Structure formats: structure tokens, C-alpha cells
Amino acid sequence: MSSSVLRMVILGRQGSGKGTQSLRIAEQFGCVHLSTGDVLRAAVDAGTELGQQAAGIMNAGGLVGDDIMIPLVAERLAQDDIMAGGVLLDGFPRTAEQANGLEAMLAELEQQLTVAINLDVPVEEVTQRMMARGREDDTEDAITRRLGLYEEQTAPLLDWFAERGLLATVDGLGEEDEVFARLRGVIDERLA
Ligand code: AMP
């Protein structure tokens, strides 16, 4: 029997509903929701060194360096709660370098990913949703820049995961409950 501990990545454009669905998945499957965006925002609020390094980049819609992000996630993945209960990575990996870093971390910890889900919502729809949510770092320029970086740096990771047999695509349009049911179906299947 394969382990029922969930270790997954959720990919999707900013504004795809990833954050909301991730909270529900983590609750349903009892794993830790590790959102690198949340970690960085908390560091900015707390005024830590990491936060000071990240704040300007985040406000401009850029990507915090791989040299910062990879060790940050590596350290967190090795902690007991994630080792025992699993993890849903939300917002990481975002670059090929980070994907390679993730592969190395998991190998080191002798763990395997259950699945990488692409929560698919078209670019026109996510733009409208982000304009509507009005988060502090959601200026029009930052949104445009983030979506551009997603297509350029993160979308190629879909192939990376597909090549490893780990990719599943879920339609992110529709009611929140409906989307969650689709996600749950895919995860249950992969865990079985
Ligand atoms: P998110 O909440 O995932 O949209 O992340 C908010 C912002 O945090 C992003 O626009 C980036 O500036 C930064 N960020 C979050 N995760 C990463 C990551 N894995 N690599 C680089 N920057 C990140």
C-alpha cells in the first residue's frame, strides 16, 4: 500500500484560487499548507532581514531570488510536522532552479511527490479577479509583471512535472465547492 501522506505542489496563475483551495486541501488531507507568499508577507510584516530583502521585490511583482527561496523551503520541509503529515506547496517552485532544488530536497529526505496539480484559469479571468481583490501588492503594474513572469518562468514547470509523470490539470473555473471536489478527486486517485 502506498503512503497516504500527501506531498503535493499546486501550480496556477496568481488569482487562480490556489490559496483558497490550498487551505481546503490542507485541512481535508491533514497536511501543512506551505505558501511561500505567506511566509514572505509575514517576514515583511515582522520586519525581519528576509522581509526587508523581499519587500521591494514583492511590491514590484518580481521574484525573490532562488538563493533565498530554496534554502528557506528546504529548512521548512525537514521539520517534523511536514515530515510526518505531508505538505502542500503553494507558490513554490516558481522557476526551473527551484524545481531542481525541490527534487534534490525530496531526494535528501527520501520522500516523493504525490502529484503536482495545475489549477487552470485563463489569464483574462485571473486579471479581473486580482483587480477585484485589492491586495496591497496588487497594483496593475505588479499584476501584469507577475502574470508575465508566470508565463515565462513558472508555466515551463508544467512540462517539467509532466515529464516526471507528476502533473495533473484541474479546471479552476466554476464554484469554489465544485473546483474543490475536482481537486479532491484527483488527489484521492493519486493517493490510492
Ligand atoms: P504569492 O502569494 O505566491 O503570489 O507570492 C507573492 C509574492 O511573493 C510573489 O509575487 C513573489 O514576489 C514572492 N514569492 C512567493 N513565492 C516565491 C517563490 N517561490 N520564488 C520567488 N518569489 C516568490
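The values are calculated or read from the model by the stated rules, or taken from the named source; none is laboratory data. Treat the numbers as computed from the prediction; the structure is a model and nothing was measured. Methodologically, a virtual Cβ is constructed for each residue, glycine included, from the backbone with ideal geometry; neighbour enumeration extends over all protein chains shown. Only protein heavy atoms, including side chains, enter the accessible area calculation; ligands, DNA and RNA are left aside. Shrake-Rupley method; radii C 1.70, N 1.55, O 1.52, S 1.80 Å.
Accessible surface for region 31-128, divided over its residues, is 46 Å² per residue with a 1.4 Å probe. Annotation for Glu152 and Arg184: the two label points, set 7 Å from Cα along the Cα-Cβ direction, are 4.0 nm apart.
Net charge in the neighbourhood of Val44 (other residues with Cβ under 15 Å of its Cβ; Lys, Arg +1, Asp, Glu -1) is -4. Stokes-Einstein diffusion of the chain at 25 °C, 0.890 mPa s viscosity, Kirkwood radius from Cα pairs, rounded to a whole number: 145 µm²/s. In terms of its alpha-carbon gyration tensor, region 138-192 comes out oblate; a/c meets the 1.5 threshold, while b/c is at least as large as a/b. Any idea what the relative contact order of the chain is, in percent, if you count C-alpha pairs under 8 Å spaced at least 6 apart? The value is 34 percent.
What a 1.4 Å probe finds exposed on the chain is 49% carbon and sulfur by accessible area, rounded to a whole percent.
Based on the mean of other beta carbon atoms within 10 Å per residue, what is the order of 131-144, 153-166, 5-18, most packed first? Each step should come with its number before you reach the end.
Values: 131-144: 12.8, 153-166: 14.7, 5-18: 23.5.
Final packing ranking: 5-18, 153-166, 131-144.
Here each label is just a point 7 Å from Cα along the line to Cβ, and for Ala192 and Glu140 those points are 4.8 nm apart.
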